[in-house]
Amino acid sequence: MGDIATAKSVARQGGIYIQSSLSNTLLEDVAKATNGSVKWFQMYLNQNRTINKLLIDRVEKAGFQAIVITLDNPVNHYVRNNNFKDFGTLNRGRDIYDIPNYESMGITFSKHIFGASTTLDDLKWLVNNTKLPVVAKGILTKEGALKVKEAGCKGVIVSNQGGRELDSVPATIEALPEVVAAVGDSLTVMLDSGIRGGPDVFKALALGAEYVFIGSSAQWGLAVDGEEGVFQVLKLIRTEFEKVMGLAGFPTLSSITRNSVVHKSYYYGLLNQSH
Ligand SMILES: Cc1cc2nc3c(=O)[nH]c(=O)nc-3n(C[C@H](O)[C@H](O)[C@H](O)COP(=O)(O)O)c2cc1C
């Protein structure tokens, strides 16, 4: 299965694998196949808290080390028909919902997950109902970052879902500096969306991200050559990143700082000073 192959290659590269709750592989199966490696679980909050609690318990029991809550996808636009037949992990909720025979799990869960926005109270509920650290994914502004900090999240992923959700949102590399300025001293700030090669990783780290994640590139590798394909994609990005460090003259990760890149905010700063 794609999730297990991807999780295995991420483990071989020493990275963090984030398992989607919409995956068609059971979270327990991914956990079993990659025992001992670092894995986080991505959740959407359901309107039904009993279902949320059941899922949280399974995630904790399976050994995932953090819960990533996706906040930038409150409206369903994936499931236009009855085609999503099998959401492996979530299928276990079938006995809790009263699901008509003609309705796929995709339709059912999209109604219950995407039907309502997650509120600050929901987020606080999650933080208080799991022993795992909670990471908020889909943050693009300092206001958003401050809210999830108030809710008790331990980290944020600056993300626009790889640009797949809403046209005209800022690129994450542009949103990163204001999020870092707002919460960088208290939360772990991470970034995804648009990481394609070494220079992207370098810029994100320089502007304050502690971790970067990839989505699409991993899937392209998976499509080409399964576990080995994802492994090669990760290796390529890592090798390229190391070359960028060398060429730019930064020998260690800690030597990469805000001053290692020129960002347009510098120019705005200069303009402000001179007016
Ligand atoms: C096919 C596909 C499925 C995705 N499914 C989810 C998901 O279920 N939950 C989620 O939080 N993000 C999902 N994402 C978004 C990724 O988690 C991530 O934010 C994004 O892919 C990063 O940008 P990149 O593709 O440019 O690397 C998905 C992305 C792709 C390409």
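For residue 117 and residue 253, the difference between the fully extended length at 0.36 nm per residue and the C-alpha to C-alpha distance is 45.2 nm. For residue 203, the aspartates and glutamates whose Cα comes closer than 20 Å to its Cα, not counting residues fewer than 8 places off in the same chain, are 174, 178, 185, 192, 240, 242.
If the viscosity is 1.002 mPa s and the temperature 20 °C, what translational diffusion coefficient in µm²/s does Stokes-Einstein give for the stretch 15-78 when Rh comes from Kirkwood over Cα pairs? Don't jump to the answer; show the numbers that get you there.
Numbers: Rh = 12.4 Å.
This corresponds to a translational diffusion coefficient of 173 µm²/s.
What pairs in 32/154; 124/147; 8/32; 137/235 have C-alpha atoms more than 19 Å from each other? From 32/154; 124/147; 8/32; 137/235, over 19 Å: 32/154; 137/235. A straight Cα-to-Cα reach below 20 Å connects residue 61 with the aspartates and glutamates 3, 28, 29, residues fewer than 8 places away in its own chain not being considered. Protection proxy ranking, highest mean first, for peptides 236-249, 157-170, 184-197: 184-197, 157-170, 236-249, where packing is the per-residue count of other beta-carbon atoms within 10 Å, averaged.
We did not get these values from a lab; they are worked out from the coordinates using the rules stated. Keep in mind that what you see is a predicted model, and the values were worked out from it rather than measured. Positions of Cβ are backbone-derived with ideal geometry, glycine not excepted, and every protein chain shown enters the neighbour counts.
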